[in-house]
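The values are calculated or read from the model by the stated rules, or taken from the named source; none is laboratory data. The structure displayed is predicted, hence computed values, not measured ones. Backbone-built Cβ (ideal geometry, glycine too); neighbour counts: all protein chains shown. Remember, those area values only see protein heavy atoms, side chains included, never the ligands or the DNA or RNA. Shrake-Rupley method; radii C 1.70, N 1.55, O 1.52, S 1.80 Å.
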Amino acid sequence: MFNFPKDFYSDVRIEHNYSSYIRIKDGRLEEIKESTNTGAFIRLFDGEKWYYTSTTDLKSIDKELANLASFATPNPDINNHPVVLKFQKNTGDHCRFEKNSLKNISLHDKLVTTKEYCKIVETDPEINYWKVSYFDFNTVKEFSSSIGCNIKFDTQNSGIFIL
């Protein structure tokens, strides 16, 4: 997947984040938004020091790895270093939410759901100030290392709160 520099331990952690948020106050839509961002955290170890960087340009990861290696000292025996020997070589795709991701639900449908909760407080004569908010997030994480680790998994959550 990546061009890990020879004679170093290195790893790459990539995170893809999605979230949406809706807020209705006293029956008026105040905020409705979706956001996405992706980034990578890159580390390199030469047996003496850790070097690290981050980027939002996933196409530049190999370049960033090479740049980190240019600051470090090659270690042909790095895979026998006590720190590296403790790392596991796990692999697998453990994404559970790809088919039913919150990203696949339209903002309009989320707004309709949020408005259903507004009905609870709108009809109560004792309540004269209220907010109903909806939020969700979906995160996909990937981890790859020079010793053969390659893992991908996802998490997601959503909720409604009434104030």
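Out of all the residues in region 124-133, is one or more modelled with pLDDT of 95 or more and not hydrophobic (A, V, I, L, M, F, W, C)? There is at least one residue in region 124-133 that is modelled with pLDDT of 95 or more and not hydrophobic (A, V, I, L, M, F, W, C).
Each residue in region 5-46 was checked for being surrounded by fewer than 16 Cβ atoms within 10 Å (Cβ to Cβ), among the hydroxyl-bearing types (Ser, Thr, Tyr) and in contact with a helix residue (DSSP H, G or I) (Cβ under 9 Å, 6 or more places away or on another chain), and 2 of them qualify. In this structure, Thr123 does not qualify as touching a residue at least 12 places away in the same chain (Cβ under 8 Å), on the phi < 0 side of the Ramachandran plot, open to solvent by 70 Å² or more (accessible area, probe 1.4 Å) and among the β-branched types (Val, Ile, Thr). Applying the set (1) open to solvent by less than 70 Å² (accessible area, probe 1.4 Å); (2) within 20 Å of the chain's Cα centre (by Cα); (3) modelled with pLDDT under 95 to Asp136 leaves exactly one unmet item: (3). Would you call Tyr129 touching a residue at least 60 places away in the same chain (Cβ under 8 Å), open to solvent by 40 Å² or more (accessible area, probe 1.4 Å) and over 17 Å from the mean Cα position of the chain (by Cα)? Here the answer is yes, as Tyr129 does meet what is asked.
Taken over region 47-66, the criterion of being out of contact with any Gly (no Cβ under 8 Å at 6 or more places or on another chain), in contact (Cβ under 8 Å) with a residue 12 or more places away in the chain, open to solvent by less than 90 Å² (accessible area, probe 1.4 Å) and over 12 Å from Phe8 (Cβ atoms) is satisfied by Thr53, Leu58, Ile61, Asp62, Glu64.
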